[in-house]
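First comes the structure, then the notes that go with it.
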Amino acid sequence: MTVGVLLFPGTNCEQDVVEAIRALGGAADIVWHGDRHLATDIDAVVVPGGFAHGDYLRTGAIARFSPIMTAVQEFAAEGGAVLGICNGFQILCESGMLPGALQKNRGLKFLCTTSEIRVDAGGTAATAAIVPGTVLHLPINHFEGCYTCSDDTLDELRADERVVFRYVCNPNGSRDDIAGVCSAGRNVVGLMPHPERASHELLGSVDGNAVWSSLLKSVAQAAPRPTPARLSTDAGTPTERHAP
Amino acid sequence: MRFDVLVEVRLRAGIADPQGATIERSLPTLGYDGVRQVRVGKAIRFALDAADEAAARAEVAEMCDRFLTNPVIEDAVVTVEASS
């Protein structure tokens, strides 16, 4: 049972994620973006923060075409847990695995601070071990974290309790104070705050460990992956974006 | 045939544009008082080899949908001209 942590050119939070998972007794390995398959022992995928492919064109716009993303989309479609953090959240939105988009912060400032994040939905890959209503102190570090979506998408997210995280005090203009959302299957979660940067007392907060414990718990509860299904040799064409 | 292509990527109507709003607030301080409705976008120019203009336009439309724009928040105005 291993968490695969994706590494794109420009990713810079992957080692922090690996350390946070290992500190809780989990196993984690780096997965290169140019790989076409996820190893069969991988039971969860983290898309960490950074500046994948330099954020050229738009954040996540190029990363979503990296070869590994086809395998990640298949993995998610089969119910596999996928967690995108910051730039990883942007990549998951660009790839159509999560609804909406992240725009420049409303104040046009790069935000680097600790924020209060309320967990508003349990039972997701990132909140399976957290009681809804819990407030976590988590660092945010982003310029493009203003969550935007259509009215219809917002209605759907609210009705299905798919707004997983909300800012207690909205720092970036995100719609409905949204800091993180999940897929309809609740196995794909994206959030702007960085739980890996709040995973040790030396870092000032251990609140992020609730997220990592949740991920490990959801992996433990999931059925083992069938071995042959993931070994298709077809790299496949990038799947089309589904506008929400 | 070779075509000169200009793709102007715009934020969709109703999508907030903090950069445009900041520019709109700044211009009056420089004495330009009549400016309204500032929107910031991107211009992407390239040359494209295609059989004819219709084929070029179809290919650019597909590029916009798959890659050059994020349809959740952006759309594009495309100009295609035969290269001289």
Given GluC sites (Glu not before Pro), DSSP loops and at most 15 other Cβ atoms within 10 Å, the longest exposed-site-free stretch of chain A is A:79-160
For the range A:2-231, averaging the sequence separation of alpha carbon pairs under 8 Å that lie six or more residues apart and dividing by its residue count, the contact order in percent is 21
Mean ellipticity per residue at 222 nm, deg cm²/dmol - from DSSP H runs of n ≥ 4 across the protein assembly as shown, formula -39500 (n - 2.57):
-6500 deg cm²/dmol
Under the rule that an exposed site lies in a DSSP loop and has at most 15 other Cβ atoms within 10 Å, name the longest stretch of chain A with no chymotrypsin sites (Phe, Trp or Tyr not before Pro) of that kind, not counting the sites themselves.
A:111-244
As a Kirkwood estimate from alpha-carbon pairs, the protein assembly as shown has a hydrodynamic radius in angstrom of 20.8
Over the whole of B:68-79, what's the average partner chain Cβ count within 10 Å per residue? Rounded to a whole number, please.
4
Please give the average number of partner chain Cβ atoms lying within 10 Å of the Cβ of each residue in B:11-19, rounded to a whole number.
3
Step by step: find N for chain B, compute 2.2 N^0.38 Å, then divide the Cα radius of gyration by it. What's the final number?
1.37
If neighbour count is taken as other Cβ atoms inside 10 Å, put A:Leu102, A:Leu154, A:Leu136 in order from fewest to most.
A:Leu154, A:Leu136, A:Leu102
Of the residues A:Val211, B:Asn70, A:Gln73, the Cα lying farthest along the dipole of the protein assembly as shown towards its positive end, which is defined by charges on the beta carbon of Lys, Arg, Asp and Glu, belongs to A:Val211
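None of the figures in this text is laboratory data; all of them are computed from the coordinates on show. Model, not experiment: these values are computed from the prediction. No Cβ is skipped: glycine too gets one built from the backbone with ideal geometry, and neighbour counts run over all protein chains shown.
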